[in-house]
Amino acid sequence: MADPISKALIAFLLIASLLLCSHASSDVPFIVAHKKASLNRLKTGAERVAVTIDIYNQGTSTAYDVSLADESWPTDLFSIISGTTSKTWEKLDAGGVLSHTFELEAKSKGVFSGEPAVIKFRVPTNAALQEALSTPILPLDILADRPPEKKFEWVGFLNT
């Protein structure tokens, strides 16, 4: 006799597979977004964060009125150096990709975990806006005390 957890798991998998099959046969956009950030130490006491968000349409139809908003960067902790934290596009074709980049400067030291960016879009068969979320970023250790890299020692090691 199967335990209640096994029955619930089997029921969940059955429902999930039915939903995936019905979604796969429909003609809609399917938005997947990846957010990444990298740190760049300029000088002692200054560090910049380069943020890139790639938006992919893995669906079978075009997404219209695509907008991106990444409001997870508090103004008391970061200043915008270049670009903006939001962007709009007219459309994203099936199989297409859009990319947006901006750069921030950190105002204070500490660990920061950014929330996912929000992507809104319209599908051809529905006037209501749909919403997708990007991946979150891994925690950033802003202005962390890092030991200096010994790049010249690595060159000597590689030559031996």
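The values are calculated or read from the model by the stated rules, or taken from the named source; none is laboratory data. All values reported here derive from a predicted model rather than from experimental measurement. Cβ coordinates were reconstructed from backbone atoms using ideal geometry, including for glycine residues, and neighbour counts include every protein chain displayed. Protein only, heavy atoms only, side chains kept; ligands, DNA and RNA dropped before computing areas. Shrake-Rupley method; radii C 1.70, N 1.55, O 1.52, S 1.80 Å.
Taking the criterion of being farther than 22 Å from Leu143 by Cα and surrounded by fewer than 16 Cβ atoms within 10 Å (Cβ to Cβ), would at least one residue in region 102-117 satisfy it? So far as region 102-117 goes, no, none of its residues is farther than 22 Å from Leu143 by Cα and surrounded by fewer than 16 Cβ atoms within 10 Å (Cβ to Cβ). Taken over region 64-85, the residue count meeting the criterion of being within 18 Å of the chain's Cα centre (by Cα), more than 20 Å from Ser113 (Cβ to Cβ) and either of a type in the set (Gly, Ala, Ser) or in a loop (DSSP other than H, G, I, E, B) (or both) is 3. Residues in region 99-124 that are free of Cβ contacts under 8 Å to residues at least 40 places away in the same chain and part of a strand (DSSP E or B): how many? Counting residues in region 99-124 that are free of Cβ contacts under 8 Å to residues at least 40 places away in the same chain and part of a strand (DSSP E or B) gives 3.
Out of Thr60, Thr52, report the one residue that is in a loop (DSSP other than H, G, I, E, B), under 25 Å from the mean Cα position of the chain (by Cα), at pLDDT 90 or above and β-branched (Val, Ile, Thr).
Details: Thr52 fails: in a loop (DSSP other than H, G, I, E, B).
It is Thr60.
When only residues in region 37-78 that are of a type in the set (Ser, Thr, Tyr) and touching a His at 6+ places or on another chain (Cβ under 9 Å) count, which is surrounded by the most Cβ atoms within 10 Å (Cβ to Cβ)?
Residues of region 37-78 that are of a type in the set (Ser, Thr, Tyr), as a first pass: 38, 44, 52, 56, 60-62, 64, 67, 72, 75.
Right, trim to touching a His at 6+ places or on another chain (Cβ under 9 Å) and you get 52, 56.
Numbers: Thr52: 14, Tyr56: 16.
Within region 37-78, the match that is surrounded by the most Cβ atoms within 10 Å (Cβ to Cβ) is Tyr56.
When region 95-129 is limited to residues that are over 15 Å from the mean Cα position of the chain (by Cα) and polar (S, T, N, Q), the one that is farthest from Leu68 (Cα to Cα) turns out to be Ser108.
Within region 125-135, how many residues are in a loop (DSSP other than H, G, I, E, B) and open to solvent by less than 80 Å² (accessible area, probe 1.4 Å)? Show your work before the answer.
Residues of region 125-135 in a loop (DSSP other than H, G, I, E, B): 125, 135.
The next check asks that each one be open to solvent by less than 80 Å² (accessible area, probe 1.4 Å); those that pass are 135.
Adding up the residues that qualify gives 1.
All conditions but one from (1) more than 25 Å from Ala127 (Cβ to Cβ); (2) among the acidic types (Asp, Glu); (3) out of contact with any Leu (no Cβ under 7 Å at 6 or more places or on another chain) apply to Asp93; the one that does not is (1).
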